[in-house]
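Colleague: What follows is a single structure, and I will ask about it in a moment.
The values are calculated or read from the model by the stated rules, or taken from the named source; none is laboratory data. Keep in mind that this is a model prediction, so the values were computed, not measured. Ideal geometry is used to build each Cβ from the backbone, glycine not excepted, and the neighbour counts take in all protein chains shown. Each accessible area value is taken on the protein alone, full model and side chains, heavy atoms only, with ligands, DNA and RNA left out. Shrake-Rupley method; radii C 1.70, N 1.55, O 1.52, S 1.80 Å.
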Amino acid sequence: MKIQVAERMNHIEGSVIRQFAEAALKPGLITFANGNPAPATYPIEEMKKFFIEALESDEVEDLLMYGNVQGYPPLVKCLKERLAKKYGFDFEMNDLYIVSGGTQAADVVSKIWLDKGDAVITEEPSYASMYNIFRAYEADLIGVPIDDTGIDVDAVEEVLKTNPKVKLIYTIPSF
């Protein structure tokens, strides 16, 4: 029996990040591809302390179970209170979700917003993994250059004027 993946997956390319990560396993090679911190900076002793406290707490069963899809409820509650008080966020009209990182956030946003043939403006260069996320939802990618100050806003404006299918702009303010 031949297993056939979904047609939309034909647009997905191999991960450049994975290729760099695999290359980084070679002795003596240092790669910055994944953006990982140096292991020497990990706060191992502090983390041991927190893990032991958590595992010895009365809430250990909750900690080891699957979490709420919106994020850890006490954290969500605390963040909502702070955002409402400090910045005036209205959580009657909005909501807050905790995600595992930018990649998961982009996947959720793409799943909700993108239809086949919609366009996404991305910086060139950009985070390579995002290209495959947008392609998985069959979006067209439109690259816009960056300079010392960030994304070229004039180029973005021109794309927005000429392409009504743009639904998202993906930018990394600190690239």
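Colleague: Each residue of region 112-118 in order: what ³J(HN,Hα) in whole Hz does its phi give by Karplus 6.51 cos²θ - 1.76 cosθ + 1.60, θ = phi - 60°, with x for Gly and Pro?
Modeller: For region 112-118, the Karplus-derived couplings read 7, 9, 8, 10, 4, x, 5 Hz, x marking Gly and Pro.
Colleague: Which is farthest toward the positive dipole end of region 99-150 among GLY143, ILE112, PRO125, measuring Cα position about the Cα centre, with Cβ charges +1 (Lys, Arg) and -1 (Asp, Glu)?
Modeller: Highest projection toward the positive end goes to ILE112.
Colleague: For region 168-173, just list the computed ³J(HN,Hα) in residue order, Karplus coefficients 6.51, -1.76 and 1.60, θ = phi - 60°, integers in Hz, with x standing in for Gly and Pro.
Modeller: Each residue of region 168-173 in turn: 9, 10, 9, 9, 10, x Hz.
Colleague: Still on this model: If I stretch the segment between GLU13 and LEU141 completely, what's the gain in nm (0.36 nm per residue apart, minus their alpha carbon distance), one decimal?
Modeller: Details: separation 128, 0.36 × 128 = 46.08 nm, distance 1.35 nm.
Additional length available on full extension: 44.7 nm.
Colleague: Right, here's the next one. Using a 1.4 Å probe on the protein chains only, how many percent of the accessible area of the chain belongs to carbon and sulfur? Don't skip to the end; give the middle numbers.
Modeller: Details: 8030 of 13760 Å².
Carbon and sulfur: 58 percent of the exposed surface of the chain.
Colleague: Normalised radius of gyration for region 36-175, please: alpha carbon Rg relative to 2.2 N^0.38 Å, two decimal places.
Modeller: Details: Rg = 19.7 Å, N = 140, 2.2 N^0.38 = 14.4 Å.
Rg over 2.2 N^0.38 Å, computed on Cα atoms: 1.37.
Colleague: Please work out how much length the chain gains when fully extended from LYS116 to ALA23, using 0.36 nm per residue of separation minus the C-alpha to C-alpha distance, in nm with one decimal.
Modeller: On the way: separation 93, 0.36 × 93 = 33.48 nm, distance 3.41 nm.
Extending this stretch completely gives an extra 30.1 nm.
Colleague: If you take every DSSP beta bridge whose two residues both sit in the chain, what share of them, in percent to the nearest 5, is antiparallel? Present the calculation step by step, with values, prior to reporting the outcome.
Modeller: Details: 2 of 12 bridges.
Bridges in the chain that DSSP calls antiparallel: roughly 15 percent.
Colleague: Let me ask something else. So what is the accessible area of the chain per residue, in Å², with the probe set to 1.4 Å?
Modeller: Details: 13760 Å² over 175 residues.
Solvent-accessible surface per residue comes out at 79 Å².
Colleague: FRET efficiency for THR171 and ASN94, Cβ-Cβ distance as r, R0 = 25 Å, nearest 0.05? Please report the intermediate quantities before stating the final value.
Modeller: Working: r = 22 Å, r/R0 = 0.86.
Computed FRET efficiency for THR171 and ASN94 comes out at 0.70.
Colleague: Whole-Hz Karplus ³J(HN,Hα) for region 139-156, in order, using 6.51 cos²θ - 1.76 cosθ + 1.60 and θ = phi - 60°, x for Gly and Pro?
Modeller: Karplus values, whole Hz, x for Gly and Pro: 8, 8, 9, 10, x, 10, x, 10, 9, 4, 9, x, 5, 6, 5, 5, 5, 4.
Colleague: Residues with amide H under 5 Å of VAL166's amide H, sequence separation 5 or more or different chain, H placed in the peptide plane at 1.01 Å from N; which?
Modeller: Residues meeting the amide H criterion: ALA119.
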